[in-house]
Amino acid sequence: MVSSFIKKILSQFKKLEDFNIVYENATRKFVFDSQKNNLIIIIGPSSAGKSTLAEYLIKQGFYKVRTFTTRPNTRKDNINDDYIRPDTDKIDINDSNVINQLIREYGLLEYNIHAGSLYGTPKNELMNAIKNHQNSILVCENNGARSIYNALRNECNLLVIFIIPDSLNQIKRRMKMAGKNNITSRLLTAKREILDARNIAHFVIHFSESVKVPNNDTLGYSIQNTYQFIKYILKLN
């Protein structure tokens, strides 16, 4: 079921009937320039499906922008670890001087501290992406997308997409399934991010679990629909 809260948010956008789940932000128009490369930034609340969408786009040939973190490496990361990390794991995340030094050293255009680690996007990685790749993809949070948009919107076709769920309960259920902690705090953050969507996103895409699709693969349906929309809006073959 789509909650009244999400219905109210979606009512602030114009639905694009050709793509069913896509809503256009009338106050933030996307302008395409065929002479520029494309950078797609995916934002949205935790557990909305951002990473799954990004992974699919990467498989379709989109270049993944490398990001920075102080989070120690894990066995899972060893399989495909494309983070940029400092030389040492012994970093005092509570020391503002240390954080500011890392921001300067790695040229982080946007950054945030999450679960005791610093995350961010180096400007040189973004510039490499938009100069050398036709289509690049980045997943970040709202403020990060805002910072990157303000800095690079004239350098490329910068498309900001916000993924929105059916309800906060849908997010809560996915968080529990993923074993995430601090769920109450995460839900408050998710609500703020959803309310902020109109201030940063060009398009909101509704990843609904209530839509009727073959094999009940609602996530697959949403991802395929989003991919076709991105190809259309960026005039890709």
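Quick notes on this one:
- With q set to 0.07, 0.09 Å⁻¹, the log10 of I(q)/I(0) for the chain, from the Debye formula over equal scatterers at the Cα positions, is -0.23, -0.38.
- Working note: Karplus 6.51/-1.76/1.60 with θ = phi - 60° gives region 97-112 the couplings 5, 5, 4, 4, 5, 5, 4, 6, 4, 9, x, 6, 6, 9, 7, 7 Hz, where Gly and Pro are set to x.
- Cross-link table LYS36/LYS231; LYS36/LYS191; LYS64/LYS123; LYS64/LYS176, entries beyond 24 Å C-alpha to C-alpha: LYS36/LYS191; LYS64/LYS176
- Here the chain carries DSSP beta bridges of which approximately 45% are antiparallel, counting only pairs with both residues inside.
- Two numbers describe the Cα atoms of region 62-168: Rg and Dmax, which are 14.7, 41 Å.
- Shown is the FRET efficiency for PHE5 and ASN216, computed with R0 = 25 Å from the Cβ-Cβ distance and rounded to the nearest 0.05: 0.55.
- The shape of region 1-120 comes out prolate: with a ≥ b ≥ c from the C-alpha gyration tensor, a/c is at least 1.5 and a/b beats b/c.
- Under the Debye formula (equal points on every Cα, no solvent term), log10 I(q)/I(0) of region 118-233 at q = 0.12, 0.14, 0.19 Å⁻¹: -0.55, -0.74, -1.21
Each reported figure results from applying straightforward, stated rules to the coordinates on display, with no laboratory input. Remember, predicted model here, so these are calculated numbers, not experimental data. Glycine gets a Cβ as well: all are built from the backbone with ideal geometry, and neighbour counts include every protein chain shown.
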